[in-house]
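Before any comments, here is the structure.
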Amino acid sequence: MYRALTSIAFTALMASSAFAAGATCSTAPSTQFKPQATLKGQLMAEGLTVKKIKVEKGCYEVYAINKAGKKLNVAYNAETLEKVANAEAGEN
């Protein structure tokens, strides 16, 4: 029971941290974007297998697979490489 409550509390904390950051897609020109290779390296260091990265309106939209084999779709600000709360942010 204690483990379940601890796990739930940790998950809630992590989710609130991600949404509190409030990162959005970049409005800077693409010449100021960080290289996709930099983001790919960061994600690979976290244990993700990156399948595809595409640019959409100031965001890098990443398609990857985590260590557990789960498919992920995550967006990052292309200028700062901050994770964006909405994975579809660049599509709006």
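Computed from the coordinates by the stated procedures, all read-outs in this text should not be read as laboratory data. This one's a predicted model, so the numbers in the text were calculated from it and none came from an experiment. No Cβ is skipped: glycine too gets one built from the backbone with ideal geometry, and neighbour counts run over all protein chains shown.
Details
- Across the range 28-92, the mean sequence separation of Cα contacts (distance under 8 Å, 6 or more residues apart), normalised by length, yields a relative contact order of 28 percent.
- Unit Cα scatterers, Debye sum, the range 23-91: log10 I(q)/I(0) for q = 0.15, 0.16, 0.19 Å⁻¹: -0.41, -0.46, -0.65
- With a Förster radius of 30 Å applied to the C-beta separation of residue 85 and residue 37, the computed FRET efficiency comes to 0.80.
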